[in-house]
Amino acid sequence: MREVGGFIQLSSNGLSESSIGRQGMPPFNLSQKWLSGLPALARPKASSMLIVGYGGGVALEGVPPHIRNVDVIELEPLVISANHSIVSQRGSDPLLDPRVNLSINDARNAMTLTNKRYDIIVSQPSHPWTGGAAHLYTTEFLALSKAHLNDGGIFLQWINSQFLDEDLLKTLMATLVDQFDHVELYQPERQVLLFLASDGLIDIWTGARGAATALENHQRHYNRMGMSTIEDAIAMMTLDEAGVRTFAEGAPVNTDNHNLLAFFSRSRADGLTADTMLELFEDIDPLTNRRSDFHS
């Protein structure tokens, strides 16, 4: 644990895992809060959530009030100890939220040992080349997660684009498309990619307009996260379903037996930047492409 730019940074094996705000800091928009906040926009009536990876507990700060129970799986006990050590500096302990149940275990092991299902599953494991997390980016893990989702449930996959090159990004998208009927990509910060996947319509901005409902029901919560209108949610969108499928077409799927992300991820964070992705998605970005479903 060390102070970096006013935040408390948690690292494991030298790898940054989370940035935690101090008590009294002005409101700030951390993408870690959107790990739980974004899928809840798509399912404003959801009541249950599973979060894979505790990190700095910031994802728990983004869990909206309508979620009644949250299970958290964390592999490393020292991550929890580190968080306990700074409770007085952050002002509150997310683990004291009565909705939260913590399990110290490997995510795939813990999920295999239960039949429990959730409305939302958030997967924010450590970096894809690390031994404790590499098996959480494969189609087998997605299939396991899907088996623990309620009908129409939402799965969120986190990744930092700087850990990927173009081919690996296509593989990750192809892996999600292999398991889920609907996949969209959102970008709350420049290199932070959040994929939403479901067998039901995602409906943040289409049809049921879940974001509008969530904002109406829990305006104060989302305002603290930096969102006041549905346009704020739409502005985070990078690729709609059509764009994801177009970009992923023909790419190999990431599997336990052929784990491309484990062996070829950019561990020096010298992969794709936000500017590079703007060029890659130039013709399929739904916000700038007037032929997209979004504009229709």
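The values are calculated or read from the model by the stated rules, or taken from the named source; none is laboratory data. Predicted model, so just to flag it, every value in this text is computed and none were measured. Note that we place each Cβ from the backbone using ideal geometry, even for glycine, and neighbour counts take in every protein chain shown. Please note that ligands, DNA and RNA were not included when accessible areas were found on the heavy atoms of the full protein model with its side chains. Shrake-Rupley method; radii C 1.70, N 1.55, O 1.52, S 1.80 Å.
Figures for the structure shown
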quantity	calculated
Residue-level accessible surface for Glu61, protein heavy atoms, 1.4 Å, Å²	80
In Å², nearest 10: area of Arg90 left accessible to a 1.4 Å probe	20
Ellipticity estimate at 222 nm from DSSP helix runs (n ≥ 4, -39,500 (n - 2.57)) divided over the chain, nearest 500	-8500 deg cm²/dmol
Straight-distance crosslink candidates among lysines, where the alpha carbon sits under 18 Å from Lys116 and sequence neighbours closer than 8 are dropped	Lys146
Global form of segment 77-228, assessed from the alpha-carbon gyration tensor, a/c cut-off 1.5	rounded
Cα shape, segment 13-53, gyration tensor, a/c 1.5 rule	oblate
Rounded if a/c under 1.5, otherwise prolate or oblate - segment 132-210, Cα gyration tensor axes	oblate
Size of charge dipole - the chain - debye, nearest 20, with Cβ of Lys, Arg +1 and Asp, Glu -1, no other charges	940
Accessible area of segment 22-156 divided out per residue, in Å², using a probe of 1.4 angstrom	38
Exposure rank, largest accessible area first [Arg190, Arg108; 1.4 Å]	Arg190, Arg108
Portion, in percent, of the accessible area of segment 109-164 that falls on carbon or sulfur, probe 1.4 Å	48
Volume per residue that the Cα convex hull of segment 60-165 spans, once the total is divided by residue count, Å³	132
Cα-based Rg and Dmax for the chain, where Dmax is the largest Cα-Cα distance (Å)	17.9, 52
Kirkwood-based Rg to Rh ratio, segment 205-296, C-alpha trace	1.06
